[in-house]
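Notes to accompany the following structure.
No lab work stands behind these numbers, since they all come straight from the coordinates. Please read these numbers as outputs of a predicted model, since none were measured by experiment. Positions of Cβ are generated from backbone atoms using ideal geometry, with glycine treated the same way; all protein chains shown enter the neighbour counts.
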Amino acid sequence: MNYFELFALPSSYCLDLNELRSKYLELQRAVHPDKYANASERERLLAVQKTAQINDGFGMLKNPINRAEHLLSLAGIELAHEYQTVKDPMFLMEQMELREELEEIPSANDPEQSILDFQQQIDQHISTFEQQFINLFAANDQSSLAIAADNVRKLKFMLKLASEAQDLEERLLGF
């Protein structure tokens, strides 16, 4: 299923999330099961199935990793349930160094500033991988798509680090 088509949106990593939300609500109103309360059993079942499909599509497209994986899937590259990992030794070394840096933040002289600096660094990496993905996906050849898939794998690492940094910030600041 092409969720971009379902929501009448361009097949692109860069989406207007407000537009996605608006189309989601519009589609939900159109097929809400309550509208089919007096319909046949088959029509009620179809409404429930369509609602589930819309919910799945919304979840897929609003999440940047899922959206990238969906785009790759539409291009014939399946990442969603793969077990392949990043094989780039330089990237893996950098990941280890970033994890060590994150672990050391609580004992830094200024943990609050350290976590902000770390988050800025991670945000820059995320932005770089997203831009590279956009460019590689646009090239639309097998070699570029394979590299784009690897970028998504790397992006997953960075987003996980960003999440862990957010958790640490909340602990440090007592949220």
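Taking the centroid of alpha carbons for each part, segment 11-25 and segment 65-140 are 23 Å apart. The calculated FRET efficiency for the pair Asp117 and Phe175, based on their C-beta separation and a Förster distance of 22 Å, comes to about 0.70.
A value for percent of Cα pairs over 22 Å apart was derived from the coordinates, and within the list (i) 41; (ii) 46; (iii) 57 it appears as (iii). The phi-based Karplus calculation (6.51 cos²θ - 1.76 cosθ + 1.60; θ = phi - 60°) puts the 3J(HN,Hα) values of segment 33-39 at x, 4, 5, 10, 4, 9, 7 Hz, whole numbers, x for Gly and Pro.
Each of Gln53, Leu9, Ser40 was placed along the dipole of segment 3-62 (beta-carbon charges, centred on the mean Cα), and the one lying farthest toward the positive end is Ser40. Extension gain for the segment Leu9 to Asn63, taken as residue separation times 0.36 nm less the Cα-Cα distance, is 17.9 nm to one decimal. If you wrap the Cα atoms of segment 1-60 in a convex hull and average its projected area over all directions, you get 4.0 nm².
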